[in-house]
1. Tell me the accessible surface of B:E85 in square angstrom (1.4 angstrom probe, heavy atoms of protein chains only), to the nearest ten.
2. Report, to two decimal places, the Cα Rg of chain B normalised by 2.2 N^0.38 Å (N = number of residues).
3. Residues with beta-carbon under 14 Å from that of B:I60, excluding B:I60: net charge, scoring Lys, Arg +1 and Asp, Glu -1?
4. Rounding to the nearest 20 debye, state how big the charge dipole of the protein assembly as shown is about its Cα centre with +1 on each Lys and Arg Cβ and -1 on each Asp and Glu Cβ.
5. Please work out the Cα center distance from segment B:5-83 to segment A:12-54, rounded to the nearest Å.
6. Once phi is turned into ³J(HN,Hα) by the Karplus curve 6.51 cos²θ - 1.76 cosθ + 1.60 with θ = phi - 60°, what whole-Hz value does each residue of segment A:67-83 show in order, with x for glycine and proline?
7. Using a 10 Å cut-off on Cβ to Cβ distances, tally the other chain neighbours for every residue of A:99-108 and report the average as a whole number.
8. Ignore the peptide's own chain and count Cβ atoms of other chains within 10 Å of each Cβ in B:46-56; give me the average, rounded.
Amino acid sequence: ELKVEQNPLFLSMQEGKNYTIYCNYSTTSDRLYWYRQDPGKSLESLFVLLSNGAVKQEGRLMASLDTKARLSTLHITAAVHDLSATYFCAGVYSGGGADGLTFGKGTHLIIQP
Amino acid sequence: EPEVTQTPSHQVTQMGQEVILRCVPISNHLYFYWYRQILGQKVEFLVSFYNNEISEKSEIFDDQFSVERPDGSNFTLKIRSTKLEDSAMYFCASNIGLARETQYFGPGTRLLVL
């Protein structure tokens, strides 16, 4: 059974600072996803990481995957208030497109001016 | 841009009643999913659906739950006899069918069981 753990679960940071959210998973995960959720809203896809060493960047967010360490990171550069949200990582076990995602508990990120 | 839609946005029901949650996945997508999120908690997988049958289901998806694609566009989740603990946000998602692609989530239906 795949288990996904994120840390920290809560993070308050100032604008302009850098920080990293960590996502560990327990067994082989074919793919690693990052989603963003604003309060009361749905999940917005940020990144899909497919292979060891994969790195993807969008604006101030950069995600990476180390399958040997079973670790993915979401790095925030020069944070701005608009990035305040809950960030979830999710893994999937076994191949194919029909597999359900296993989510971490989420990192609730607050960015203060 | 195509998106997953869900109806209703909110539903209040009495314990023991049946509810049907509706979803319209993105039109060229082949894989469909239901997830739930109890308030303040993580998102939990319920079931995946492909080629008109269940592909995978979690332990949460017991005999009280069923899914259907009745008309080629809608994808429904039925809860036969709701319990208080079924109160949650239910998300539908779809995927085009390529492993490298993401799952796109709908806006959710907030279900409250009284």
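The values are calculated or read from the model by the stated rules, or taken from the named source; none is laboratory data. Fair warning: this is a prediction, and the values are worked out from it, not measured in the lab. For neighbour counting, all protein chains shown are included, and Cβ atoms are generated from backbone atoms with ideal geometry for every residue, glycine included. The area values use the complete protein model at the heavy-atom level, side chains included, leaving out ligands, DNA and RNA. Shrake-Rupley method; radii C 1.70, N 1.55, O 1.52, S 1.80 Å.
1. Here the accessible area works out near 110 Å².
2. Expressed relative to 2.2 N^0.38 Å, the Cα Rg reads 1.00.
3. Values: positive: B:R36, B:K42, B:K57, B:K83; negative: A:E1, B:E44, B:E56, B:E59, B:D62, B:D63, B:E85, B:D86.
In short, -4.
4. Working: 20 positive and 24 negative charges, 86 e Å.
For the protein assembly as shown, the charge dipole is close to 420 debye.
5. Taking the Cα centre of each part, segment B:5-83 and segment A:12-54 sit 25 Å apart.
6. Listing the rounded values in order: 6, 5, 8, 6, 9, 10, 10, 10, 9, 10, 10, 6, 4, 10, 4, 4, 7 Hz.
7. Values: counts 9, 15, 9, 5, 7, 2, 4, 5, 0, 1.
Mean partner-chain Cβ count within 10 Å for A:99-108: 6.
8. Numbers: counts 1, 1, 6, 1, 3, 1, 0, 0, 1, 5, 5.
Mean inter-chain Cβ contacts per residue within 10 Å come to 2.
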